Amino acid sequence: MIVAITGGTGFIGNKLALAHLARGDEVRILSRSSPALPVNRVKYFSGDLIAKDNSLQPFVDGVDLLYHCAGQLTDENAMRSLHVEGTQKLVEAATCSGIGHWVQLSSVGVYGPVSDGMITESFPIKPVGEYEVTKAESDAIVLAAVKNGAFSCSVLRPSNVFASDMKNQSLFSMINMIDRGLFFFIGKPGASANYIHVDNVVEGLIQCGTNPAAKGKIYNLSDHSALEAFVQIIASELGRRSPSLRLPEGFMRWACKVTSGIPGLPLTQARVDALTNRSVYSIARIQKELGYEHVISMENGLKDLVSGYQRRQ
């Protein structure tokens, strides 16, 4: 099988490429970066999804399975050009080439900020923020092409993806606060930590790409834990006492407003939102329809994450 991956040198795409190589598939990667995998096992296509003078046709010609994993997480000025314009360009090339199946890596962020309740795939799309808005538009472009008969497609929407080699520092910052004895809970007990280990995301992507039952479907993918249990696992791995201090949510939101103009403070409204959130993303559909199971548990993933944190110290 010929597999093509955009963003194949990224955090998720690189691991996805390795997984398909292990399955014996031919792997193509479109990237602006230098090759990260052995060039004798991977066909690299140097290019840019948003460059007008760059043809994507050679990259997609003859492809059985295309994963669209390219994404911009930090530079808001580049999100629309990559997520929207880049996706449109890739769809046009894939339509002309007649690819077999497209797997779209999306995000649960397209549902918008939801503070409580169970979120399923039928939940309305109400994105807030440039990343979430442009990812939702990217999904819509692909789904419109599917409706017009261009190719079949599956969409995977993971929650916060983590692993010990991730570049995102938010969880490492939490670990650091726990390690220093500075972490505290906010509001009533029972907040939900919604995360998914990168190995589980790769498994979900492959299920979407190789299981015929996934065609035409959208799937959420997440794992969750009560925040207290989540923090307890980290504290235990650090050899620290689990935090017990808990401050009122109303007071902390007021404090954030009062100090919002002071640069460098670690506590923000967004972090208060994260520490008080009670929403859960259901994965019942992907479990029932594809037989999906986590390949790494939340506990083992967090243990690996703490080991990565300690190696950095």
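For this structure, a couple of remarks:
- Sequence-ordered 3J(HN,Hα) estimates for region 165-170 from the Karplus curve with 6.51, -1.76 and 1.60 and θ = phi - 60° stand at 9, 6, 8, 4, 9, 4 Hz, glycine and proline given as x.
- Computed over region 1-128, the ratio Rg/Rh where both radii use C-alpha atoms and Rh is Kirkwood: 1.00
- In this Cβ point-charge picture (+1 for Lys and Arg, -1 for Asp and Glu), the chain has a dipole of about 540 debye about its Cα centre.
- Taking amide H positions as modeled 1.01 Å from N, with prolines and chain starts lacking one, the residues under 5 Å from Asn160 and 5 or more places away or on another chain are Ile196.
- Remark on Tyr67: its backbone amide H falls under 5 Å from those of Ala4, Ile5, Thr6, Val103, a criterion applied only to residues 5 or more positions apart or on other chains, H modelled at 1.01 Å from N.
- Dimensionless Rg over Rh [the chain; C-alpha; Kirkwood]: 0.98
- Computed with the Debye formula from one identical point scatterer per Cα of region 85-225, without solvent, the log10 of I(q)/I(0) at q = 0.10, 0.13 Å⁻¹ comes to -0.42, -0.67.
- Nearest 10 degrees, 0 to 90: helix 13-22 Cα axis against the chain principal axis: 60 degrees
- Table column - 3J(HN,Hα) (Hz), region 236-242, Karplus curve with 6.51, -1.76, 1.60, x for Gly and Pro: 4, 5, 7, x, 10, 6, 5
- Accessible area in square angstrom per residue, region 145-251, 1.4 angstrom probe: 43 Å²
- Val258-Arg278 FRET efficiency (beta carbon distance; Förster radius 30 Å; 0.05 resolution): 0.75
- 20 Å Cα-Cα threshold exceeded, pairs from Lys188/Lys303; Lys15/Lys43; Lys52/Lys167; Lys147/Lys217; Lys43/Lys135: Lys188/Lys303; Lys52/Lys167; Lys43/Lys135
- Counting only Cβ charges, +1 for Lys and Arg and -1 for Asp and Glu, the dipole size of region 89-172 around its Cα centre is about 120 debye.
- Accessible surface of region 52-92, 1.4 Å probe: 46 percent of it comes from carbon and sulfur atoms.
- Relative contact order, whole percent, for the chain stands at 17, derived from Cα pairs under 8 Å and 6 or more residues apart.
- For region 161-313, the share of accessible area belonging to carbon and sulfur comes to 52 percent (1.4 Å probe, ligands and nucleic acids excluded).
- Heavy-atom accessible area per residue - region 1-143, 1.4 Å, Å²: 45 Å²
- Considering only the chain, percent of DSSP beta bridges that pair antiparallel, nearest 5: 10 percent
The values are calculated or read from the model by the stated rules, or taken from the named source; none is laboratory data. As the structure is a prediction and not an experimental result, all values here were calculated from the model. Neighbour counts run over all protein chains shown; Cβ positions are idealised from the backbone, glycine included. Side chains are part of the model used for accessible areas, which takes the heavy atoms of the whole protein and leaves out ligands, DNA and RNA. Shrake-Rupley method; radii C 1.70, N 1.55, O 1.52, S 1.80 Å.
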